[in-house]
1. Which length gain, in nm to one decimal place, applies between R113 and E206 when the Cα-Cα distance is subtracted from 0.36 nm times their residue separation?
2. What figure in square angstrom, to the nearest 10, would you give for the accessible area of T70 with a 1.4 Å probe?
3. Taking the Kirkwood radius as the inverse of the mean 1/r across Cα pairs, report the Rg/Rh of segment 64-103.
4. Counting only pairs 8 or more places apart or on different chains, how many lysine pairs in segment 51-126 have C-alpha atoms closer than 30 Å?
5. Given the C-alpha centroids of segment 28-60 and segment 92-165, what is the distance between them in whole angstrom?
6. What FRET efficiency, computed as 1/(1 + (r/R0)^6) with R0 = 45 Å and r the Cβ-Cβ distance, is obtained for F72 and D141, rounded to the nearest 0.05?
7. Could you work out the per residue convex hull volume over the alpha carbons of segment 28-101, in cubic angstrom?
8. What FRET efficiency do you get for Y188 and H122 if R0 is 41 Å and r is their Cβ-Cβ distance, rounded to the nearest 0.05?
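The values are calculated or read from the model by the stated rules, or taken from the named source; none is laboratory data. Computed from a prediction, not measured in an experiment: that's the story for all the values here. Cβ coordinates were reconstructed from backbone atoms using ideal geometry, including for glycine residues, and neighbour counts include every protein chain displayed. Remember, those area values only see protein heavy atoms, side chains included, never the ligands or the DNA or RNA. Shrake-Rupley method; radii C 1.70, N 1.55, O 1.52, S 1.80 Å.
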Amino acid sequence: WTWAFTSDDTPYPEEVEKLPTLKHAEIEQLIKARAKLSNAERFYLAVATTWIVRREELSRIKKRDYDDETIFIHTAKHGKPRKHLIPDELKPIFADYRPKEHNPSALSIMFRRICAKAGLEHKKHMGWHSIRYRLNTLLKDVCLPQNRLNPSLINDYAHWRQGSGSRYMDTDMSEYYRRPEILDTDPYGIDRIIYSIHPFLPLWQEKH
């Protein structure tokens with residue numbers, strides 16, 4: 001049989017649907033509505049807007065994972081487990097809630113509820129990842145460069161697994177062998193740096 005098609009007739013693959021991100025102002029809107037939120041909603045929103053976490057990582061947090069000073073994040077996607085210093089702004093929120101392990105889908109329902117209470121329209125596929133993407137982008141592309149800090153600090157802050165594509169994409173071998181702990185013996189030194197330039201952390205300060 002004669003084949004009637006040429007290479008020009010090859011169909012293009014369907015464009016992968018991009019997950020929506022939240023604008024800076026929209027995340028501020030969620031945080032500023034904290035008085036309307038339950039203790040649980042306030043807790044998970046505080047964690048999501050402070051650290052670069054996935055929904056699965058939020059769902060794994062238990063009360064035994066943190067004390068008065070630090071919190072342990074059980075990472076997903078084979079990421080390196082990480083311990084963070086709890087900022088003073090968040091300590092009252094942590095003290096008011098006793099978390100337990102949740103089903104990730106329950107966290108998605110909670111996110112929609114938070115949006116409703118804050119008066120923010122919930123769009124298709126919007127979720128905790130929308131905060132994660134925005135926070136990562138702001139820290140790496142705006143906050144760190146503006147303060148003359150190495151954008152690679154975001155990799156250390158998020159504790160991305162060594163050798164992952166996201167960590168070493170568009171970098172040279174000097175980044176592969178970089179070890180920031182050599183220069184700073186404070187185990188929470190990177191946390192302190194990031195907190196000082198964090199785009200959302202000041203919004204959690206209690207108003208007096």
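1. 31.2 nm
2. 20
3. Details: Rg = 11.2 Å, Rh = 11.3 Å.
Using Cα coordinates only, the ratio equals 0.99.
4. Within segment 51-126, the lysine pair count is 27.
5. Segment 28-60 and segment 92-165 have Cα centres separated by 8 Å.
6. On the way: r = 28 Å, r/R0 = 0.63.
The value I calculate is 0.95.
7. Working: hull volume 6.5 nm³, N = 74.
Spread over its residues, the Cα hull of segment 28-101 gives 88 Å³ apiece.
8. On the way: r = 35 Å, r/R0 = 0.85.
In this case the efficiency is close to 0.75.
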